[in-house]
Amino acid sequence: QKEVEQNSGPLSVPEGAIASLNCTYSDRVSQSFFWYRQYSGKSPELIMSIYSNGDKEDGRFTAQLNKASQYVSLLIRDSQPSDSATYLCAVNRNTNAGKSTFGDGTTLTVKP
Amino acid sequence: DAGITQSPRHKVTETGTPVTLRCHQTENHRYMYWYRQDPGHGLRLIHYSYGVKDTDKGEVSDGYSVSRSKTEDFLLTLESATSSQTSVYFCAISESLGVETQYFGPGTRLLVL
């Protein structure tokens, strides 16, 4: 079992719809959780971080964390073609030189 | 954008030759990381550094070595390049424990023939 698992996708949604990206992790002591977006041929960039159970909203993005279920998700409301990218989930124990473990990513395509 | 540069950005080399990739940061961040990214494998940690001359192995360190003689520079060396090391290599930095957000460099595309 991988430490961080994401739906491999690809995920396709129509423009204006809600895109839901899911991530599960195996290390119960994980403390920090991140979503990175990576456009084709580019480097990953942080879009959301979440540390406590519940929801965290930033514009059209909402991250949800449930530590009991070891589950973190990212919702993108009013999806736009510019949201088409690969989304990487990362978890961190907040120890050991701050190493994060990344999932393999979910590729999202938003169709106009 | 975080001040991270990688050099070279593209490199083609032959099997058996040594290759060194450079990561340079202007943020004075303590932690630096080298990842490789391959289709179907996401980002895999090769080596990381938690200070000058302090480095440790990641999950895919075989065939790679690193050095960090200055805060701003982190070098990745492929001791004898193999075709399996053809990949995209990303350098990342983070400020400190408790601030684990990582900022990535633009990447180096390496092709080993």
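The values are calculated or read from the model by the stated rules, or taken from the named source; none is laboratory data. Every value quoted in this text rests on a predicted model; they were computed, and no experiment measured them. We place every Cβ from the backbone using ideal geometry, glycine too, and count neighbours over all the protein chains shown. The accessibility values were calculated without ligands, DNA or RNA, using every heavy atom of the protein model including side chains. Shrake-Rupley method; radii C 1.70, N 1.55, O 1.52, S 1.80 Å.
Checking each residue in the range A:5-21 for being open to solvent by 40 Å² or more (accessible area, probe 1.4 Å) and among the polar types (S, T, N, Q) picks out A:Asn7, A:Ser8, A:Ser12, A:Ser20. Filtering A:Lys99, A:Lys2 for residues that are more than 14 Å from the chain's Cα centre (by Cα), surrounded by fewer than 15 Cβ atoms within 10 Å (Cβ to Cβ) and not hydroxyl-bearing (Ser, Thr, Tyr) leaves a single hit, A:Lys2. Within the bounds of the range A:43-61, is there any residue that is touching an Asp or Glu at 6+ places or on another chain (Cβ under 8 Å) and away from chain B (no Cβ under 14 Å)? Yes, some residue in the range A:43-61 is touching an Asp or Glu at 6+ places or on another chain (Cβ under 8 Å) and away from chain B (no Cβ under 14 Å).
Can you give me the ranges of the strands (runs of 3 or more DSSP E) entirely in the range B:1-106 with at least 3 residues that are open to solvent by less than 20 Å² (accessible area, probe 1.4 Å) and of a type in the set (A, V, I, L, M, F, W, C)? Can you show your working first?
On the way: elements: B:4-7, B:10-13, B:19-25, B:31-38, B:42-51, B:54-57, B:64-70, B:73-78, B:87-94.
Correct list: B:19-25, B:42-51, B:73-78, B:87-94.
Exactly one residue out of B:Tyr48, B:Tyr33, B:Tyr64 is within 23 Å of A:Asp104 (Cα to Cα) and more than 14 Å from every other protein chain (Cβ to nearest Cβ), and it is B:Tyr64.
Is the range A:58-71 home to any residue that is of a type outside the set (A, V, I, L, M), open to solvent by less than 40 Å² (accessible area, probe 1.4 Å) and within 9 Å of the chain's Cα centre (by Cα)?
Residues of the range A:58-71 that are of a type outside the set (A, V, I, L, M), as a first pass: A:58-62, A:64, A:66-67, A:69-71.
Among the residues that remain, those that are also open to solvent by less than 40 Å² (accessible area, probe 1.4 Å) are: A:61-62, A:70.
Add one more test, that the residue is within 9 Å of the chain's Cα centre (by Cα), and what stays is none.
No, because not a single residue in the range A:58-71 is of a type outside the set (A, V, I, L, M), open to solvent by less than 40 Å² (accessible area, probe 1.4 Å) and within 9 Å of the chain's Cα centre (by Cα).
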